[in-house]
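First up is the structure itself, then whatever we jot down about it.
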Amino acid sequence: EFRPRNILVTGGCGFIGSNFVHYVHRHHPDVHITVLDKLTYAGNLANIQPLLDDDKQVAFVRGDICDTALLERIVPGHDAIVHFAAESHNDNSIADPRPFVHTNVDGTVALLEAARAANIRFHHVSTDEVFGDLPLDSPERFTESSPYRPSSPYSSTKASSDMLVRAWHRTYGLDVTISNCSNNYGPFQHVEKFIPRQITNLLDGRRPKLYGDGRNVRDWIHTDDHSSAVWTVLTKGMPGETYLVGADGERDNLSVLRAILRAMGRPEDDFDWVRDRPGHDRRYAIDPTKLRTELGWQPRHTDFLAGLTDTIQWYTTHESWWRPDKAATERQYAERGQ
Ligand code: NAD
Ligand code: TDX
């Protein structure tokens, strides 16, 4: 087992990265964490501020993963890079793909080169979207050997980054691991994403917005379970290997929206149907057998409705966290007819 003492976490002020920093702080107090984050519109230092104030376990560096001079300065001395930083929102990638290529492709190469120079381990956090989509009403799920067939500019850049990571293993012998996870939900998720958007719309007196026919299926996993999976792969994963992360959470968007409406005491049809996303992937579904059987990982949040209720509660009690982003996000959606 690999026992890291000092990890560099990129994107640690975003949704999943900050939840991972809290997870490591809670469960592995002997591991020092340096967070490297550019604080784009999606990054918020408040997500980890209490950990920075508390003690010396977590340090923060504001910077771009594409800044090779910065990486040369800060990477040495760490024993692993855990790479979350990315442009992450499909709709934004359709409006302007260029920042996605810059951060997700060029940024990953810059980090791989820094890891190679320092000869340290590299864990790459990726998505099930690299496999494209599956038909509705089929038993088929993605596995580690599913072909790469990304649909959107976002997923194409993530697919590119996965292949670059594999090349650094095969060509340079870098100790890499990759995890491809399904859709996350939980606290600190930006209001542009499906679940937080609908919860905050309802809190804000706006009607929720459902794309297309609402039948698209996502495989929901609580972000804490993603954190434990990333930790498991980082410490127990075989160099060069890929592990799919999912918690058997397939649900269609209409059902998720109706569950939110019910939990918030609204009629089930109190929402608007809006323009579909171009190229909208139909269904994602993960077969997590390899991670479960080879590394012994298990999800803990297996009751989706309980997790959703906690998430609604979190947004209800953290208005000051999401309020500053809400109006601009909705203005952007309105311009796109969504
Ligand atoms: P997010 O958009 O909430 O956070 C991204 C973070 O990266 C932000 O803090 C941002 O400031 C930072 N960042 C962006 N560009 C940067 C740059 N050039 N240099 C340094 N920092 C930069 O994203 P998220 O939803 O937390 O996703 C994190 C990772 O997990 C991504 O790699 C994403 O592809 C992957 N992933 C996400 C999901 C999901 O459901 N959200 C599922 C599977 C995988
Ligand atoms: O207002 C909305 N209405 C709606 O119907 C929004 C914002 C989304 N949707 C639909 C589109 C998708 O079918 O909900 C589903 C989820 O949408 P997103 O939250 O945008 O997530 P998705 O596109 O599935 O991608 C997410 O999971 C995989 C993350 O954003 C990615 O970073 C991750 O790789």
Among strands (runs of 3 or more DSSP E) entirely within the stretch 181-246, at least 1 residues that are within 14 Å of the chain's Cα centre (by Cα) occur in 217-219, 242-245
Checked pairs for the stretch 16-31, first more than 21 Å from Trp314 (Cα to Cα), second surrounded by fewer than 19 Cβ atoms within 10 Å (Cβ to Cβ) and among the polar types (S, T, N, Q), C-beta under 7 Å and 6 or more apart or across chains, list as Pro29/Gln57
Reported set for the stretch 82-108 where residues are more than 12 Å from ligand 1 (Cβ to nearest atom) and of a type outside the set (D, E, K, R) is Ile94, Ala95, Pro97
(request) Would you be able to say whether some residue in the stretch 123-141 is outside any helix (DSSP H, G or I), closer than 19 Å to Asp175 by Cβ and touching a Leu at 6+ places or on another chain (Cβ under 8 Å)? (result) yes
- Does the stretch 53-66 include one or more residues that are at pLDDT 95 or above and within 16 Å of ligand 2 (Cβ to nearest atom)? no
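The values are calculated or read from the model by the stated rules, or taken from the named source; none is laboratory data. Bear in mind that the values here come from a model prediction, so they are computed numbers and not experimental data. Using ideal geometry, Cβ is built from the backbone for each residue, glycine included, and neighbour counts are taken over all protein chains shown.
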